[in-house]
1. So, by mean Cβ neighbours within 10 angstrom, what's the order for 19-27, 6-14 with the highest one leading?
2. Figure the gain on full extension for residue 36 and residue 7 (residue separation times 0.36 nm, minus the Cα-Cα span) and round it to one decimal in nm.
Amino acid sequence: MADRIPTFADLCSAIVEGQISATIEGSVYQMNALDLRRYLNKFRSLPTISTAHEQDTVSSTDPVNWSASVQTSVA
């Protein structure tokens, strides 16, 4: 479920399944912002952390090439 944008249908399904608590007031659903945030955070993947062994392997194979390039764009 990680790395995708949740849809309105996902949100509605979460309310129906009880993953997000909601109350109905007239024709409006009211949700706790913290519950909603916790649900939406499930769709984001966490950054991976490399182990010390992986870092040693990378640094020993190419110790000279330590430069990094970054590209940014503004739309």
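Just so you know, all these numbers are worked out from the coordinates, no wet-lab data involved. The structure presented is a predicted model; accordingly, all values stated were derived computationally and were not measured. Cβ placement follows ideal geometry from the backbone for every residue including glycine, while neighbour counts extend to all protein chains displayed.
1. Working: 19-27: 10.9, 6-14: 13.2.
So the peptides 19-27, 6-14, ranked by packing, come out 6-14, 19-27.
2. Values: separation 29, 0.36 × 29 = 10.44 nm, distance 1.31 nm.
The residue 36-residue 7 span can extend by a further 9.1 nm.
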